[in-house]
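The values are calculated or read from the model by the stated rules, or taken from the named source; none is laboratory data. Model, not experiment: these values are computed from the prediction. Here the Cβ is made from the backbone with ideal geometry for all residues, glycine too, and neighbour counts use every protein chain on show.
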Amino acid sequence: MHKQLAQRQRLSLLDDAATYKKLEFNKKRNLEQDHSAMMDEATARFKFEDCKNEYWNPEEFSLLHGTPLWYGASPSQRIILNQLYWVAYYAQIVSAEIATIYLNQVSAAGLYAHEDFRIVCDSLDLETKQERAHIHAFKTIGEDVEWRLFGERLFTYPMRSLYEQTMVFADSNHAKDYWRKLQIKAFTLLSSSNAFLASQYLLIRGLRTLNGKMIQHQLSLYYSNHPDKERAPIPSAISYYHFMDESFHFNTSKIIGHDIPRSLDPPTAFEKWIVNRGVTGCQRDHYHFSATLRGIFWYEPALFPVLKKMLMSPHFGFNAKDAQEMLKRCFTQENDGIHAAHAMHRTANESYKSYVESITYLDARNRDMAVMGGNSIAAYLERNARALEKEAA
């Protein structure tokens, strides 16, 4: 009887049975396989002494893998570089998940104002709870490892808000950071009361996490292929638990970002403009590639002071002059690490194109991922050389 009453929207999610069923199935499976409790339990058991002498990731996922530093490192130094990849990689994931927690709720507010969208909002609520468990695990272990190895932070940072720079090591300054903060505030204000823009946050979320999904699958294999899982390093188990949760999160992003707009009014010219701005922003954030941390879009020169500290620590024993020379060898001359990082960046660029192929309201530069695709090894080497010369001056 009540379905005959007038509604404010002419379309309903219930009319798209295929999408509704996908949402139901994804939420049900995510709830059944929720790894939050296992992450919390594993984090509580973590002791660096128990796993300090072994790898936590597949070997190629080590800090500066394939660079002159890696080839010249001792076995014990390679173990540290492998463990620091875990610390640094998940420090970036913490930053992304802080933003996700906030923007999930903003998007839920924008979508819940429509009839029959509770399942979408409940899915985002479940994911938000899981993100808190992920952040706790990554911060607890990462900070403990850095304290024990160096007595200070290198890649980790105190808890912060969404309005900090999401990319931990970015090509930025105070003016860029301020402009970014204004853009985020404007988007959250608009999307919290606009169902289409709320759904398109999930399109952009999916795009931003697509490369991470591929990397995290490979990280998860260290644990899933380990011959003795009960004795596997706890960080490797946490990588696996995280990947399992995030697989469902990516599904949520794709369903809401791609399919939900069919149950909404067609976007206006202004709404299309906002979405295109968001995708272009993602391209800019993912323009850089890093031989320091393969698979993450960090701006290499922003890492140089941190890497110098690492090289001059007792674990590596470089003096200031030799550390500077090693940075030049690793970042201004072609090597296996740079080529592998660039190849991974190109793979990400192609996968992004496929991801947005069906989104008709994106402009040509976004559909072709032209901004992100404009980077090159030659440009990378030139930027790094300029930065190191300026630092030495």
**Message:** For the range 48-56, check the following and say yes or no: at least one residue is touching a Leu at 6+ places or on another chain (Cβ under 6 Å), free of Cβ contacts under 8 Å to residues at least 40 places away in the same chain, of a type outside the set (A, V, I, L, M, F, W, C) and farther than 30 Å from D116 by Cα.
**Reply:** no
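Consider S290 carefully, then state whether it is crowded, with 18+ Cβ neighbours inside 10 Å and in contact with an Asp or Glu (Cβ under 7 Å, 6 or more places away or on another chain).
yes
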**Request:** Could you list, in sequence order, all residues of the range 361-393 that are in a loop (DSSP other than H, G, I, E, B) and modelled with pLDDT of 95 or more?
**Result:** Y361, L362, D363, D368, M369, A370, V371, N375, S376
**Prompt:** Scanning for something of a type in the set (S, T, N, Q), over 19 Å from the mean Cα position of the chain (by Cα) and crowded, with 19+ Cβ neighbours inside 10 Å, does the range 367-379 turn up at least one residue?
**Reply:** yes
**Message:** Anything in the range 166-175 that is free of Cβ contacts under 8 Å to residues at least 40 places away in the same chain and either of a type in the set (A, V, I, L, M) or surrounded by 16 or more Cβ atoms within 10 Å (Cβ to Cβ) (or both)? List them, or say none.
**Reply:** A175
**Prompt:** Does at least one position in the range 222-229 carry a residue that is assigned to a helix (DSSP H, G or I) and surrounded by fewer than 19 Cβ atoms within 10 Å (Cβ to Cβ)?
**Reply:** yes
**Request:** Please indicate, with yes or no, whether at least one residue in the range 274-281 is in contact (Cβ under 8 Å) with a residue 24 or more places away in the chain and under 29 Å from H136 (Cβ atoms).
**Result:** yes
**Asked** Filtering the range 343-366 down to residues that are over 21 Å from the mean Cα position of the chain (by Cα) and touching a residue at least 24 places away in the same chain (Cβ under 8 Å), which residue is farthest from Y85 (Cα to Cα)?
**Response** Y361
**Complete:** Considering the range 127-163, residues that are surrounded by fewer than 19 Cβ atoms within 10 Å (Cβ to Cβ) and under 27 Å from I260 (Cα atoms), and then whichever is modelled with the lowest pLDDT, we arrive at L162
**Request:** Check L197 against each of (1) under 14 Å from R277 (Cα atoms); (2) in contact with a Lys or Arg (Cβ under 8 Å, 6 or more places away or on another chain) and name the one condition it does not meet.
**Result:** (2)
**Request:** With respect to A186, determine if the residue is surrounded by fewer than 22 Cβ atoms within 10 Å (Cβ to Cβ), on the phi < 0 side of the Ramachandran plot and outside any loop (DSSP other than H, G, I, E, B).
**Result:** yes
**Item:** Residue count for the range 87-116, restricted to those that are more than 13 Å from the chain's Cα centre (by Cα) and polar (S, T, N, Q)
**Value:** 3
**Request:** Please specify each residue of the range 44-86 satisfying the condition of being within 22 Å of the chain's Cα centre (by Cα) and outside any loop (DSSP other than H, G, I, E, B).
**Result:** L81, N82, Q83, L84, Y85, W86
**Message:** Going through A291, A387, A340 one at a time, which residue ends up being more than 30 Å from A186 (Cβ to Cβ) and more than 24 Å from the chain's Cα centre (by Cα)?
**Reply:** A387
**Some residue of the range 252-263 being in contact with an Asp or Glu (Cβ under 8 Å, 6 or more places away or on another chain), surrounded by 23 or more Cβ atoms within 10 Å (Cβ to Cβ), modelled with pLDDT of 95 or more and part of a helix (DSSP H, G or I)** = yes
**Prompt:** Can you find even one residue in the range 306-328 that is in contact with a His (Cβ under 9 Å, 6 or more places away or on another chain) and either within 22 Å of L202 (Cβ to Cβ) or in a helix (DSSP H, G or I) (or both)?
**Reply:** no
**Request:** Kindly list, by first and then second residue, each pair from a residue in the range 301-325 that is closer than 16 Å to K390 by Cα to a residue that is surrounded by fewer than 19 Cβ atoms within 10 Å (Cβ to Cβ) and charged (D, E, K, R), limited to pairs with Cβ atoms under 6 Å and residues at least 6 apart or on different chains.
**Result:** A323/K308
